[in-house]
Each structure stands twice: as structure tokens, then as C-alpha cells.
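In what follows, a single structure is set out as C-alpha cells and then discussed.
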Amino acid sequence: MSLLAESPNAKLNKTVLDKFLSLPQPDNKVQAEYIWIDGTGESLRAKTRTLDFTPKSLSELPIWNYDGSSCYQSEGSNSDTYLYPVAMYKDPFRRGNNILVLCETYKYNKKPTETNHRLTCAEVMKKAADQKPWFGIEQEYTLLDMEGRPFGWPKNGFPGPQGPYYCGVGADKVYARDIVEAHYRACLYAGITISGINAEVMPSQWEFQVGPCEGISIGDELWVARYLLHRVAEEFGVCVTLDPKPMPGDWNGAGAHCNFSTASMRVDNGIIEIEKAIDKLSKQHIRHIQAYDPKGGKDNERRLTGKHETSSIHDFSAGVANRGASIRIPRGCAEEKKGYLEDRRPSSNCDPYKVAETIVRTCCLDE
Ligand code: ADP
Ligand code: MN
Ligand code: MN
Ligand code: MN
């Protein structure tokens with residue numbers, strides 16, 4: 001690897017930090033890592049404050065602020081942007097009573113920032129709460145070196161063609177499993193409903209799944225799981241990209257399949273409700289494509305080509321066990337005549353709040 005490809009972080013001796021992390025922490029001091037989505041709608045930011053008490057509920061956490069002009073979220077002359085705590089998790093890096101605090105962002109005038117998509121999602125989830133909407137998102141991602149090349153790929157050339165890598169085992173099949181394993185445990189410790197991991201079709205591409213989660217929690221948990229992934233990879237000196245098509249050509253892109261069900265889909269003969277939902281989705285294809293990546297469909301254009309286990313961005317389709325369709329009914333659900341549907345269109349860099357909100361508007365609220 002060239003010098004540039006090596007992260008300075010990877011050169012630090014990671015065992016030194018343990019000496020300090022194992023220092024006794026005063027009982028009444030808690031480190032709270034406030035996490036928020038910046039003005040790109042894709043990247044996460046975080047900063048820490050010390051609390052003089054151990055918070056037992058969200059409402060005890062102070063509102064905080066940050067420099068929005070340094071996060072592409074405001075003008076420098078009016079830059080104070082507010083952080084409203086919305087969810088709390090255990091901190092797997094600092095452990096003990098220390099916490100991660102996911103926040104919504106609000107402008108100086110207390111209006112939500114342009115990239116705060118949680119507020120409207122939460123309103124919609126409240127309206128549909130009686131239908132008990134569940135979501136499971138499959139987050140695909142790609143590991144990169146510091147030069148932006150997929151981690152472990154030959155510097156001048158390419159790995160062998162796709163085929164042996166998906167769910168692969170062995171040093172010639174998968175790269176950086178350490179990161180995947182560390183992230184999995186970090187999520188479990190934090191209290192994320194992570195339901196599994198697997199290696200993907202393109203080498204150095206992986207997936208983790210979050211869910212099933214009811215309502216707004218799918219967005220909260222997925223964003224925190226993404227935060228944990230970036231942090232874990234940072235320690236290894238590796239970058240994570242959620243770009244939906246990091247390598248052009250004959251390499252699979254990355255999606256965030258959204259599995260969805262309501263209470264009535266999960267009971268006997270729920271397949272009828274699943275089919276009704278698919279019919280509603282078929283009439284709102286463009287609205288969904290616009291909501292499924294941060295650039296209103298532009299990012300997904302590179303991925304939803306109709307090749308590499310995707311459907312075309314221009315057409316709506318649905319089918320049992322069909323990985324080339326917009327919506328797939330898993331084989332098991334078709335057989336049991338109940339369960340859930342899988343919307344395969346969301347891009348890996350989607351905002352899960354927007355995805356979940358749009359699905360519920362279409363399928364549950366007929367909006
Ligand atoms: P795939 O076969 O498409 O690779 P995965 O096993 O990766 O599917 O992911 C399936 C996801 O669906 C998981 O996140 C799981 O929690 C979620 N899921 C399972 N049952 C339901 C349900 N009834 N409603 C919504 N999501 C569900
Ligand atoms: Mn999957
Ligand atoms: Mn996958
Ligand atoms: Mn899937």
C-alpha cells in the first residue's frame with residue numbers, strides 16, 4: 001500500500017488508550033456523546049459534554065448547540081444551531097454510564113434544519129401507530145482505503161470477477177472482517193436491534209441489518225448503527241462509504257432494502273394486505289424514488305440499472321423471490337401467506353426517516 005493509503009489512525013498503538021479508559025471515572029460524571037446529521041444529509045457529526053448526573057430518561061438531557069456554519073447548515077453570521085436529544089444508547093467506546101445521544105437539529109428560529117427529516121417522520125408514525133408499522137433495513141456499505149479505493153483491492157488492477165465473495169469465507173474472499181465483527185458487538189452493546197451481518201457480492205462490501213423496529217425507532221437505530229460503523233472503522237484506519245455505486249462497471253452497487261409490515265400483514269392471510277400495499281406502492285413509484293436517496297433519485301440512477309440484482313429506476317415491478325424487482329415478497333412469506341414485503345429501491349445512503357415516512361404515507365395513511 002502507498003503511504004497515502006495508510007491512515008495515520010492505523011499507526012497509533014491502540015493498546016495505550018486502554019490505560020486511560022480503565023482509569024476510575026467519578027461516579028457523578030457521565031460523558032454524553034451528542035450525535036447529529038449534518039447539512040449533507042449523509043454525514044454524521046458528534047461532540048461530547050460532561051454531565052454531572054446519570055440521566056435516567058431523555059427529558060433530563062440538556063438541549064445543546066453547535067456551529068451550523070461549519071456543518072453546511074447555516075450562515076456564519078447566524079450559526080448557532082440547536083441539538084434536541086431524541087434517543088439515548090449505551091456508549092460501547094467509553095462504556096460505564098457513558099452514553100450516546102442522538103439529536104434532531106433546529107435552526108436559530110427553532111424551525112427544523114433542511115436535513116432534519118425526523119420531525120415529519122415522527123408525526124407520520126404517530127398517525128399510523130395503531131397499524132404497528134415494522135421496518136427492517138439491510139444496510140449495505142463499502143470499505144475504502146485513504147485513497148478511496150475499495151479496501152484490499154490491488155492497487156493497479158482489480159480482484160477477480162464477482163461470484164465467490166457474497167457470504168464468503170477465507171482470506172481471498174473477504175476483507176476486514178475485524179471491522180464487521182467489532183461493529184456487530186458495538187451495536188449489541190449499545191442496544192441497537194441489529195439482526196445480522198453478511199459479506200456482499202463485491203469484495204470489501206458488507207451488510208448489516210437493523211430490525212424489525214416499530215415506527216420512528218428504525219431511523220434512530222440505523223443512524224446510530226451508521227455512527228458506530230464509522231467510529232469502529234476509524235480505529236482501524238479504514239473509511240466507510242455509503243455511496244450506492246462506489247465502483248462503476250460490473251460491480252454490485254449498495255442499497256438499503258427496506259423490509260416493511262403492518263400488524264394486519266403479520267397475521268394469517270396477511271398476504272392480502274401485502275398485495276394491497278404493493279398496489280398502492282405501484283401508483284407512487286416516482287414519489288418513492290425521490291425519497292430514496294439524498295439527491296432526489298440522482299444517486300440511485302447509477303445503481304438502479306436493471307442489472308446487478310436491481311430493478312430499473314424507471315419502472316415499478318413486484319414479484320415473489322425476485323431480486324430484479326422493485327418490491328420482493330420473500331418466498332417464505334408467499335408460502336405462509338403472511339409476513340412482510342421488501343422494498344429494494346432505497347439507496348445505501350438514504351435517510352431512513354424519509355424512507356419509512358414515505359412508505360407509511362403511501363401504504364398506511366393513503367396520503
Ligand atoms: P434478504 O433475504 O433480503 O437478504 P435479510 O435477512 O438481510 O434479507 O434482512 C431481512 C430484514 O427484514 C431484517 O432486518 C429483519 O429484521 C427484517 N424483518 C423480518 N421480519 C419482518 C417484518 N415482519 N416486518 C419488517 N421487517 C422484518
Ligand atoms: Mn440482506
Ligand atoms: Mn444485500
Ligand atoms: Mn434484501
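The H on the amide N of S317, modeled in the peptide plane, is under 5 Å from the matching H of S326, I327, each at least 5 residues off or on a different chain. About its Cα centre, the chain has a charge dipole of approximately 80 debye under the convention of +1 per Lys or Arg Cβ and -1 per Asp or Glu Cβ, with nothing else charged. On a C-alpha basis, how far is the centre of region 1-66 from the centre of region 254-302 in Å? Whole number, if you could? Spelled out, the Cα-based centre of one part sits 35 Å from the other.
In the context of the full set of protein chains, region 1-160 has a per residue accessible area of 55 Å² (1.4 Å probe).
The mean accessible area for residues of region 175-273, using a 1.4 Å probe and ignoring ligands and nucleic acids, is 32 Å² per residue. Taking C187, C213, C333 in turn, the Gaussian network model of the chain (Cα-Cα springs below 10 Å) assigns the largest fluctuation to C333. Computed over protein heavy atoms with a 1.4 Å probe, the carbon and sulfur contribution to the accessible area of the chain reaches 52%. What you get for region 264-367, charging only the Cβ of Lys and Arg (+1) and of Asp and Glu (-1), is a dipole of about 280 debye around the Cα centre. Residues whose amide H falls under 5 Å from that of S195, counting only those 5 or more places apart or on a different chain, are Q209, V210, G211, with hydrogens built in the peptide plane. Residues whose amide H falls under 5 Å from that of L304, counting only those 5 or more places apart or on a different chain, are absent, with hydrogens built in the peptide plane.
The largest-to-smallest principal axis extents of the Cα set in region 230-339 are 49, 33, 24 Å. Screening the chain for DSSP H helices whose Cα atoms reach 18 Å or more along their own axis and whose mean Kyte hydropathy is at least 0.0 gives 217-236. Computed from backbone phi, the HN-Hα couplings of region 289-301 come to 4, 5, 8, 8, 8, x, 10, x, x, 5, 5, 5, 4 Hz, rounded to whole numbers (Karplus: 6.51 cos²θ - 1.76 cosθ + 1.60, θ = phi - 60°; Gly and Pro given as x). Using just its DSSP H runs of length 4 or more, each adding -39500 (n - 2.57), the chain gives a mean residue ellipticity at 222 nm of -7500 deg cm²/dmol after division by all residues. The calculated FRET efficiency for E214 paired with I63, based on their beta-carbon distance and R0 = 35 Å, is about 0.85.
Hull volume per residue, based on the alpha-carbon atoms of region 192-282 and their convex hull, is 139 Å³. A crude spin-label estimate for the pair S79 and N156, with each label 7 Å from Cα along the Cβ direction, gives 4.5 nm.
The translational diffusion coefficient of the chain, from Stokes-Einstein at 20 °C and 1.002 mPa s with a Kirkwood hydrodynamic radius over alpha carbon pairs, comes to 99 µm²/s.
Only lysines eight or more places from K29 in sequence, or on another chain, were considered; those with a Cα closer than 28 Å are K14, K19, K47, K56, K90.
The values are calculated or read from the model by the stated rules, or taken from the named source; none is laboratory data. Note that this is a predicted model, so its numbers are computed, not measured. Because the Cβ atoms are built from the backbone with ideal geometry, glycine has one as well, and the counts that use them run over all protein chains shown. What goes into the accessible areas is simple: the full protein's heavy atoms, side chains included, and nothing from ligands, DNA or RNA. Shrake-Rupley method; radii C 1.70, N 1.55, O 1.52, S 1.80 Å.
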